[in-house]
Amino acid sequence: MLAQNILEELKKIVGKENVLTSKEDMIAYSFDATAAMPEVKPDVVVMPENKEQIVEIVKLAGQHKIPIITRGAGTNLSGGTIPIKNGIVLSMLKLDKIIEIDAENLTARVQPGLIIQKLNDAVAPYGLMYPPDPGTVTTATMGGSVSECSGGLRGLKYGVTKDYIMGLEVVMADGSVIRTGGKTVKNVSGYDLTKLFTGAEGTLGIITEITVKLIPAPKYRRSMLAIFDDIDKAGNTIADIISNKVIPATLEIMDNVTIRTVENYAKIGLPVEAEAILILEVDGNIEQIVINEYETVQKICKDNGAVEIKLAQSDKERDAVFAARRAALPALAQVRPTTVLEDATVPRSKIPQMLKALKEIAKKYNLQIGTFGHAGDGNLHPTILTDESDKEEMERVEKAVDEIFKIAIELGGTLSGEHGIGMAKAKYMEWEFGKEGVEVMKKIKDALDPDHILNPGKMFGGN
Ligand SMILES: Cc1cc2nc3c(=O)[nH]c(=O)nc-3n(C[C@H](O)[C@H](O)[C@H](O)COP(=O)(O)OP(=O)(O)OC[C@H]3O[C@@H](n4cnc5c(N)ncnc54)[C@H](O)[C@@H]3O)c2cc1C
């Protein structure tokens, strides 16, 4: 509970209409999109309208050692915005402007509360695009996406959020404001602070402005759906496409559990008997190259035993399949009360092994696991359909999750391809970085936020 005088100070800074304290509001901000996490209410939710207000809030919080949990749309999948130590939830949704589109330099400057899709809609008339494309592109914010370093459906060819962040403005834990990077294509001055804050999950500073790189939107694309009667064949196809040096813009996989669930939810005619489908898209600016790549991919699918390959005949057909893919998580979430979605990522050549391991883990722990994801970049989303209220089953879930991460790391992979660490994966950090690696990160945290007021309890657990 915050003292009344602090609430009054906050109201002076942002106006009383931007300070939420009702019981309902506290419940609404006690969780995010992550399942099986504790729900913890903040003391207050504050909705600043500009950077100056954020600076004042941070100074006040620092003075009284009150945690600040910066929040975009709350769609993260690692418990990143749960106010585990209570405190102030700082909602960025009112800082939602596009400050500048610089078509000459192929950059844009935006505020952190801007919804990602709105940036793409605004730059499309210039023939430009901002490639990061998480499943939540129409709801997630730029600030949240930068802070998680989101990936998404175009990561394979176009990379992830960090590949498009050129500069940031950040309010630090002591209330000072820094600028990192800028509009220049080249910039090697000093340490790369832009990269440090990208993916920092709100633990090192509060991002108040973002400069992004834009690229010319590709003129041609071909999209297809390849159907398999065996998931191993789909896995081998993915590895073969990459080793044949074709880099599709999109290469997504859905297993049978996911296909059935999505079809039941979206009714778009997915092949419910298939053991796996691959959703593929090749794109580019030279039509013949796009056609050649499409033909190569089609041949590799056939050689690996695809039962059928369906080419999207129109944008409408293509969009329906992509919408189905984006619906995978919401669809799976309807099957059972709790949906534990993981994010383990392996080198692409290890996808067949990872898929096999996931099947074995599901069997070993007698769990229903749906697997989908950005398979082309090695990023699978094994999704355990379970029920938080069943203690015995949750123990099996926990063991299965431990095993998933253990195998991913043994295969040369990582704990998170795109969803971040937050609370959900903090306990595994030493598996990937060793004690010494985690110590280096903790020293950075201590140096930039000595009182641990920024999103405490995330990334390393504890304080
Ligand atoms: C159905 C579904 C599909 C998804 N698909 C994908 C996908 O394909 N790829 C992918 O990568 N992710 C995906 N996600 C995860 C999520 O949507 C992304 O991580 C998203 O970018 C988070 O944005 P947000 O605005 O919701 O951030 P939030 O959840 O609000 O915050 C995320 C983190 O960023 C911090 N933060 C937020 N704003 C700031 C700021 N201005 N300054 C400093 N820190 C800040 C928060 O403290 C928190 O740690 C999916 C989630 C769902 C529910």
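The values are calculated or read from the model by the stated rules, or taken from the named source; none is laboratory data. Computed from a predicted model, the values in this text were never measured in an experiment. Reconstructed Cβ throughout: ideal geometry from the backbone, glycine too, with neighbour counts over all protein chains shown. Surface accessibility is based on the protein's heavy atoms, side chains included, excluding ligands, DNA and RNA. Shrake-Rupley method; radii C 1.70, N 1.55, O 1.52, S 1.80 Å.
A few points about this structure:
- Gap separating the Cα centres of the range 184-247 and the range 359-378, nearest whole Å: 22 Å
- In order through the range 133-144: 3J(HN,Hα) via Karplus (6.51 cos²θ - 1.76 cosθ + 1.60), integer Hz, x for Gly, Pro: 9, x, x, 9, 4, 8, 10, 6, 9, 5, x, x
- Per-pair calculated FRET efficiency, R0 = 41 Å: LYS12 and ASN105 via Cβ, rounded to 0.05: 0.55
- Put a dot 7 Å past the Cα of GLU39, heading toward its Cβ, do the same for GLU388, and the two dots end up 0.7 nm apart.
- Accessible area of LYS310 in the full protein assembly, 1.4 Å probe (Å², nearest 10): 80 Å²
- Under 5 Å, built H, 5+ apart or other chain: amide partners of LEU380: VAL346
- Each Lys and Arg adds +1 at its Cβ and each Asp and Glu adds -1 at its Cβ; summed about the Cα centre, the chain shows a dipole of about 500 debye.
- Degrees between helix 391-410 axis and first principal axis of the chain (Cα, 0 to 90, nearest 10): 80 degrees
- Percent RCO, i.e. relative contact order, over the range 366-463, from Cα pairs under 8 Å lying at least 6 residues apart: 18 percent
- Degrees, to the nearest 10: 315-326 long Cα axis against longest axis of the chain: 60 degrees
- Helix-only [θ]222 nm of the chain, DSSP H runs n ≥ 4, -39500 (n - 2.57) each, per residue, nearest 500: -11000 deg cm²/dmol
- Rounded to whole Hz, the Karplus (6.51, -1.76, 1.60) HN-Hα couplings of the range 338-352, x for glycine and proline: 10, 10, 9, 9, 10, 9, 4, 9, 10, x, 4, 5, 9, 4, x
- Restricting the GluC sites (Glu not before Pro) of the range 235-312 to loop positions (DSSP other than H, G, I, E, B) with no more than 11 neighbouring Cβ atoms within 10 Å leaves GLU273.
- Across LYS41/LYS445; LYS94/LYS427; LYS23/LYS65; LYS12/LYS442, pairs whose alpha-carbon gap is larger than 26 Å: LYS94/LYS427; LYS12/LYS442
- Dipole magnitude for the range 98-216: about 280 debye, using +1 per Lys or Arg Cβ and -1 per Asp or Glu Cβ, origin at the Cα centre.
- Estimated dipole of the range 1-156 in Debye, rounded to 20 [Cβ of Lys and Arg +1, of Asp and Glu -1, Cα centre]: 320 debye
- Extension reserve of the ASP121-LYS443 stretch, reckoned as 0.36 nm per residue once the Cα distance is removed: 111.9 nm
- Across the chain, C-alpha contacts under 8 Å between residues 6 or more apart give a mean separation that, scaled by the residue count, equals a relative contact order of 16 percent.
- Inter-part distance where the range 110-154 and the range 11-34 are each reduced to a Cα centre, Å: 25 Å
- Using 0.36 nm per residue and subtracting the Cα-Cα separation, the extra length available between ARG396 and LYS245 on full extension is 50.4 nm.
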